[in-house]
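The values are calculated or read from the model by the stated rules, or taken from the named source; none is laboratory data. Since the model is a prediction, treat every value here as computed from it, not as a measurement. Here the Cβ positions follow ideal geometry from the backbone for every residue, glycine too, while neighbour counts run over all protein chains shown.
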Amino acid sequence: MAAETSRDKGKGIDPRNWGALALEEEEVQPDVQRALLNEFGARRDLEAMQEQNAEYEEPEASEGDQSQGEGDNIPLPEDDEAPPVSRKELLEYLAYKRKLERELHRRAQKEKSAPRKRRSRAASEPLSGDIASLIEKVADVDTRNRKAKEAARKASEQASASKPSAKYQDHLPINQIGVKSSLGKAFRRVQSEVSDSSYESPSDSSSSSSGDASSSDSESSSDSSDSGSSTSTSSSGLPRGSRRGSRRNHKRRSRKNKHKSRRSMIKPTPPEKYNGRADWLTFQRFMTHGLNYVKYGYVEKPRQVIVLSEFLVGKAYTFFTRNVALKPHKWDLQRARLDTFVQGRLSVKEYVSELNELFSIVGTDGKRARVVKLFNGFKPSIQRALYRVHMNAEQTSWKKMVQEAEYQELAEN
């Protein structure tokens with residue numbers, strides 16, 4: 001007897017489990033057994049379908065038997081066993097089953113991808129009065145907020161449309177003066193005070209005072225007329241008591257507004273007349289006193305320039321009539337004196353002092369521009385002396401250049 005190899009050991013059939021049956025080699029293969037199991041399941045499903053179809057056909061057959069006579073009964077053959085299913089029928093059944101599964105899967109995917117229909121709200125009980133009023137209040141608030149935003153947007157559009165162009169803004173004198181100069185600071189202080197203060201026109205004050213008088217007269221007349229019939233109603237259908245309450249509220253509000261707009265009892269002092277003299281202190285005094293005059297005199301904003309023009313004389317009034325009154329958008333600040341100002345016969349100390357005064361009035365772009373102007377205005381002899389000690393306008397500071405120029409001036413004298 002040949003020895004059993006290790007490859008076949010434990011791979012054969014155990015006679016104790018299979019009953020020592022004489023099985024063929026092909027029947028032992030797992031693939032063959034799986035195929036036979038599938039075929040058996042398919043046969044079973046097919047037989048179940050045939051039995052189900054037979055159950056639906058039996059009632060029809062019973063009705064046909066009742067319609068016939070007893071002698072016409074035909075004995076049916078007994079089908080104890082179902083006829084064997086052929087391989088072709090089995091394959092057709094499996095193909096139909098796979099087709100049915102694909103169709104079911106396709107419909108399921110279509111239902112998932114299809115948009116869900118919005119369910120209609122079921123009829124509910126009517127809302128209570130409190131809930132309905134609350135909903136109306138919320139809707140009214142939303143409407144008011146929307147209208148307020150729309151009004152604010154229109155107002156901003158109108159303001160942007162009425163805003164002067166950039167070209168006009170560039171020609172304004174306040175935009176041509178240095179921001180850090182004393183003259184520029186004074187102009188901007190005046191501009192901030194004018195923008196922050198609000199003036200009340202005489203027409204508004206007279207109308208408010210006349211309104212207060214008329215309201216007090218109407219109140220006294222209404223009190224005298226209402227003494228006889230306090231419960232009667234007005235022509236508009238409102239009780240007179242409510243009208244008296246509204247008048248009292250109006251009177252209280254008018255008194256409050258009158259207290260707020262109470263004017264000073266001191267008449268503002270007019271400014272001294274300005275003749276256009278190029279003196280910083282004189283111009284600053286005229287500008288300060290003129291601003292206080294139109295502010296505390298409650299002059300309307302459009303009339304402020306005209307009122308102040310009455311205090312201009314000489315060159316100042318000529319400038320006003322030629323440039324301000326007719327063409328206010330073409331103002332131009334003249335810097336000719338600063339551009340052409342040089343030392344000449346002045347000493348270094350006098351030249352530096354007057355140059356600082358011009359810088360204070362006109363202003364410059366920066367410290368380096370001041371140093372350049374200082375160096376270019378020196379005498380040629382002082383410029384050559386500064387070059388000999390390695391000083392130039394692009395690197396030397398203002399203080400060192402002034403000190404060295406004074407030393408060179410002393411050396412020349």
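State whether one or more residues within the stretch 354-377 are under 28 Å from Asp279 (Cβ atoms) and among the hydroxyl-bearing types (Ser, Thr, Tyr).
Checked against the condition, which is being under 28 Å from Asp279 (Cβ atoms) and among the hydroxyl-bearing types (Ser, Thr, Tyr), the stretch 354-377 yields at least one hit.
For the subset of the stretch 267-282 comprising residues that are free of Cβ contacts under 8 Å to residues at least 24 places away in the same chain and in a helix (DSSP H, G or I), which member is nearest to Tyr317 (Cα to Cα)?
Residue satisfying both the conditions and the ranking: Thr282.
Under 7 Å between Cβ atoms, which residue pairs at least 6 apart in sequence (or on different chains) link something in the stretch 382-397 that is within 14 Å of Glu409 (Cα to Cα) with a partner that is aliphatic (A, V, I, L, M) and part of a helix (DSSP H, G or I)?
Correct list of pairs: Ile382/Ala405; Leu386/Met401; Leu386/Ala405.
Before we move on, is Tyr351 modelled with pLDDT of 85 or more and either surrounded by 14 or more Cβ atoms within 10 Å (Cβ to Cβ) or outside any helix (DSSP H, G or I) (or both)?
The answer is yes for Tyr351.
Could you tell me which residue of the stretch 375-397 is nearest to the chain's Cα centre (by Cα), considering only residues that are buried (at least 16 other Cβ atoms within 10 Å of the Cβ) and assigned to a helix (DSSP H, G or I)? Let's see the steps before the verdict.
Going through the stretch 375-397, the residues buried (at least 16 other Cβ atoms within 10 Å of the Cβ) turn out to be 375, 377-379, 382-383, 385-386, 391, 393, 396.
In the following step, the residues that additionally are assigned to a helix (DSSP H, G or I) were identified as 375, 377, 382-383, 385-386.
On the way: Phe375: 52, Gly377: 54, Ile382: 61, Gln383: 59, Ala385: 62, Leu386: 59 Å.
Ranking the qualifying residues of the stretch 375-397, first place goes to Phe375.
Thr364 is checked against (1) crowded, with 16+ Cβ neighbours inside 10 Å; (2) modelled with pLDDT of 90 or more and fails just one. What number does that condition carry?
Of everything listed in (1) crowded, with 16+ Cβ neighbours inside 10 Å; (2) modelled with pLDDT of 90 or more, Thr364 misses just condition (2).
Condition check: acidic (Asp, Glu), at pLDDT 85 or above and outside the structural domain of Ala278 (by TED's automatic domain parsing). Does Glu357 satisfy that?
No; evaluated as a whole, the condition is false for this residue.
Please verify whether Gln408 is more than 24 Å from Ala186 (Cα to Cα) and surrounded by 19 or more Cβ atoms within 10 Å (Cβ to Cβ), treating the condition exactly as stated.
yes
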